[in-house]
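Heads up, the thing below is written out as structure tokens.
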Amino acid sequence: MGARVGLRRGETADGMRIPSGCGVAAVASTRGRLISGATVACMVCAMPERTNGLGAGFAAYGIYADLAECYVFHLMYEDGQARTATEDLLRARFQVDAAEPIPTRPGVLPGAPMLWRYFLRLPEEVAAHSWDERPAERAQREWCGPDEYVVRAVMEINTGIPGAFVFSSGREMGVFKAVGHPEAVADFFMLDQYRGYSWLGHSRFPTNTPGWWGGAHPFSLLEWSVVHNGELSSYGTNRRYVESFGYRCTLLTDTEVIVYLVDLLVRRHGLALEVACRVLTPPFWKELDGSGDQAALLRAARIVYAGALLNGPFTTILGHSRGLVGLTDRLMLRPLVAATRGDLSYLASEEAAIRAVCSGPDRVWAPLAGEPIMVEVGRPQVAVSVGVARS
């Protein structure tokens, strides 16, 4: 699936791997103001050394507001047989409001798979569960709730139908990804015609896994989407851990486990997002020796969720319906820069990506290692660690 594209600045002719590659970027309006997809595409394209054309992608929130009650599945198919089998399953499990090819610009990316999107409503007996349940109540019915119903359908398609891959399954949001350079992928999906209140972007420089359409970032499940720069040396442990809870890793890259870990910790176990971030990148043991409730909570989380700890050099940006989270490993072996201007918040691998779309930011800084930086839509400020000011 997909096609190899030509060499580019930053790529060596002998195939040498550059492990610091991959670029991440994000922008969100804390007032919920809509932003063109061209903005995040420009940010990613401002980091040309961080791609070799083997993958790029974007996630957008707020783009399907007219059908906010629908889960929107984005699927890629290798052949018509995979599409027929998938559509039979979707019609058996959901009310299909609309099914159509994802709009693309012809001739931009050769070798594209079949790309379709489906606007799905839940069966009445599943939808009867309230969306406003508190986390503890939601956790008690995790195996029968609406979101779990959707997750099961995603896993069944990705593991049970050869040649079919669900790469987006949330509401009011969508993922667009492909094999190609970021400017080509943005042009292919005509991102400048979408407007969302929050965007993620990624340019891929794969080091240990193949460059294929399903392996491009972001990885997404329900409302969660993740872009990532780095490597997870804990991948084997993390994979066994999430698969013990019913998730199935099928997309041939370590990043996939991050989105499943977040879904497990926040949706199914009811942890606050801030606590979930501390599970993924916990403080060092010497920092957990203190007294008090917070230290006790973090020690307990460190022990209970040992299999969810992310190890290795990485920077990741998590997108969700209420904002963004930027997170690095505990030594910050991959870069992350943050900035704000008015109601807009930016995260990126390089400051150049931010200044490509924001020439005069109010503030630019480097977050502290392992400290989550959180942007919340609807709250006009960024909750962050102090970081290191750039200007």
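The values are calculated or read from the model by the stated rules, or taken from the named source; none is laboratory data. Just so it is clear, the model here is predicted, and its values are computed rather than measured. Cβ coordinates were reconstructed from backbone atoms using ideal geometry, including for glycine residues, and neighbour counts include every protein chain displayed. Note: areas computed on protein heavy atoms with side chains; ligands, DNA, RNA excluded. Shrake-Rupley method; radii C 1.70, N 1.55, O 1.52, S 1.80 Å.
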When the chain is treated as a Gaussian network with springs between alpha carbons less than 10 Å apart, the largest mean-square fluctuation among Gly55, Gly163, Gly174 is found at Gly163
Order of 28-41, 76-89 by packing, highest average Cβ count within 10 Å first? 28-41, 76-89
Residue by residue through the stretch 327-339, what is 3J(HN,Hα) from phi via Karplus (6.51 cos²θ - 1.76 cosθ + 1.60, θ = phi - 60°)? Round to whole Hz and write x for glycine and proline. 8, 10, 5, 6, 10, 6, 7, 10, x, 8, 10, 10, 7
Top mean-square fluctuation among Val357, Val166, Val262, Gaussian network model of the chain, C-alpha springs under 10 Å? Val357
Could you compute the FRET efficiency for Ala296 and Leu368, with r as their C-beta to C-beta distance and R0 at 30 Å, rounded to 0.05? 0.85
Along the stretch 227-241, what does the Karplus equation 6.51 cos²θ - 1.76 cosθ + 1.60 (θ = phi - 60°) give for ³J(HN,Hα), rounded to whole Hz, x for Gly and Pro? 10, 8, 10, x, 9, 9, 6, 8, 4, x, 5, 5, 5, 4, 5
Would you mind checking which residues have amide H under 5 Å from Thr207's amide H? H placed 1.01 Å from N; only 5 or more apart, or other chain. none
Taking only protein heavy atoms into account and a 1.4 Å probe, give the accessible area per residue of the chain in Å². 39 Å²
Using amide H atoms built in the peptide plane, which far-off residues or other-chain residues are under 5 Å from Leu333 H to H? Phe314
Where does the chain land at 222 nm, in deg cm²/dmol rounded to the nearest 500, when only DSSP H runs of n ≥ 4 count, each adding -39500 (n - 2.57), divided by all residues? -7000 deg cm²/dmol
Counting only residues 5 or more places away or on other chains, whose amide H sits under 5 Å from the amide H of Ser168 once H atoms are built in the peptide plane? His74
In terms of the alpha carbon gyration tensor, root eigenvalues a ≥ b ≥ c, rounded if a/c is under 1.5 and otherwise prolate when a/b exceeds b/c or oblate, the chain is rounded
Arrange the peptides 284-291, 194-201 so that the one whose residues have, on average, the most other Cβ atoms within 10 Å appears first. 194-201, 284-291
Tell me the carbon and sulfur percent of the accessible area for the chain, rounded to whole percent, probe radius 1.4 Å. 52 percent
Checked the stretch 33-78 against the a/c 1.5 cut and the a/b vs b/c comparison, axes a ≥ b ≥ c from its Cα gyration tensor; verdict oblate
Compute the projected area of the convex hull of the Cα atoms of the stretch 254-391, averaged over all viewing directions, and report it in nm² to one decimal place. 8.9 nm²
Calculate one ³J(HN,Hα) per residue across the stretch 91-100 by plugging θ = phi - 60° into the Karplus curve 6.51 cos²θ - 1.76 cosθ + 1.60, and present them in order as whole Hz with x for glycine and proline. 5, 6, 9, 9, 8, 8, 6, 7, 9, 7
Checking Ile303, Ile317, Ile258 against a Gaussian network model of the chain (alpha-carbon springs below 10 Å), the top fluctuating residue turns out to be Ile303
